[in-house]
1. So which lysines pass the test for Lys224, namely a Cα distance under 21 Å, with those fewer than 8 places away in the same chain ruled out?
2. Give the distance, in whole Å, between the Cα centre of region 223-254 and the Cα centre of region 1-48.
3. Using only the alpha-carbon atoms of region 8-51, report the extent along each of the three principal axes, biggest first, to the nearest angstrom.
4. Say the cut-off is 28 Å between C-alpha atoms; which of Lys60/Lys286; Lys199/Lys322; Lys286/Lys322; Lys127/Lys269; Lys133/Lys345; Lys322/Lys357 go over it?
5. Per residue, how much accessible area does the chain show when a 1.4 Å probe rolls over the protein heavy atoms, in square angstrom?
6. Could you please put Trp119, Trp230 in sequence from largest to smallest accessible area, using a 1.4 Å probe?
7. Whose amide H sits under 5 Å from the amide H of Ala337, counting only residues 5 or more places off or on another chain, with H placed in the peptide plane?
8. Enumerate the amide H contacts of Ile67 below 5 Å, restricted to partners 5 or more residues apart or on another chain; note that Pro and chain-start residues carry no placed amide H.
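The values are calculated or read from the model by the stated rules, or taken from the named source; none is laboratory data. Nothing here was measured: the structure is a model prediction, and the numbers come from that model. Every residue, glycine among them, receives a Cβ derived from its backbone with ideal geometry; neighbour counts consider all protein chains shown. Just the protein is used for accessible areas: all its heavy atoms, side chains included, with ligands, DNA and RNA removed. Shrake-Rupley method; radii C 1.70, N 1.55, O 1.52, S 1.80 Å.
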Amino acid sequence: MTANTTFIPPERTLMGPGPSDVAPRVLNAMSRSTLGHLDPLFIELMDETKSLLQYAFRTKNALTMPISAPGSAGMEACFVNLLEPGDKAIVCINGVFGQRMVENVTRCGAEAVVIEDTWGQQTDLNKVEDAFKAHPDAKVLAFVHAETSTGVRNDAQALCALAQQHDCLIIVDAVTSLGGIDVNVDGWGIDAIYSGSQKCLSCVPGLSPVSFSDRAVEVIQQRKQPVQSWFLDMNLIVGYWGQGGKRAYHHTAPVNSIYALHESLLMLKEEGLENAWTRHQQGHQKLVQGLANIGLSMAVDEDYRLPQLNAVAIPEGVDDAKVRNQLLNDFNLEIGAGLGALAGKVWRIGLMGYACKDRNIDHCVASLGKILR
């Protein structure tokens, strides 16, 4: 790239842990004329976007909207609104993003009761049950549904059922799961959930869909202390993202990004949730078979591996970074490296949203095959 010239990016195939390929329809939507963030037409679009998010999350929660920032801000919004100094939260860690939950708990002045499991394994339900017995005063159970760092699907329904038995609020990370596998906010009784626009929704990065149950809203309204983040205080944001009627100015929403999110959610509804889940599963099976044909195996047990984020074992003696660099430079194909305990041991291959299609899978397998040969 030459300095002081228009930036024209190459056309990459994005098959890493995110962002994923963005559909042309979504890019087109983003390029439309900008409206004011309080324009009546834009407010109508906000209401439609909320309704489409409720469909994606499978919820009737009134407080459902996109946070005007990436998934990490959605995570912080859930924790800072529901936790106060002195509260106690049970946090499940079996990868990077469970660790980030702990960071949020402690920065709220709350106590984190940590349940750790081996990276690449599911969270052990027996350990969670033991934690509830040892800490009956726990206010929150927090866990990652789809652990992006390992490719593991935690048993969200079972974890939620445990929390409900102990009358505990539930915070769920659905950054990589929403739109790729079943997420059932109302059916599982989730109180606060956050996701990201750039994974299975195949939208541009920079927005974090969230949803809060009526019970969570009541907890937020009855806080003893103000939410420590002004920008993420749901008591304030609800005045801007409320349903219909007059809106109170809170911040200038990323108008064009919300055009893009609306279009991506529209595409998801047109396809149908169940059809999207099936497409991701079928793509996963095709990828697994193709990788097996070139001598590569999966790093996560079949019973709980994610179809949209595939952890692939790197063969002995193969240079992780060299292969990924060659894929990028020679084939315009991006896959992800392992993180933390799995660094240098796995590649993370994403099949998320618009990127989950036969052409991408064939390109990925063929390119890896050429390099490894």
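1. Within reach: Lys88, Lys139.
2. 24
3. In descending order, the Cα extents are 37, 25, 15 Å.
4. In this structure, Lys60/Lys286; Lys127/Lys269; Lys133/Lys345 lie more than 28 Å apart at Cα.
5. Numbers: 15760 Å² over 373 residues.
It amounts to 42 Å² per residue over the chain.
6. On the way: Trp119 50, Trp230 155 Å².
Largest to smallest exposure gives the sequence Trp230, Trp119.
7. Under 5 Å from the amide H of Ala337 lie the amide H atoms of Arg348, each far enough along the sequence or on another chain.
8. Excluding prolines and chain starts, which carry no amide H, the hits are Ser208, Val210.
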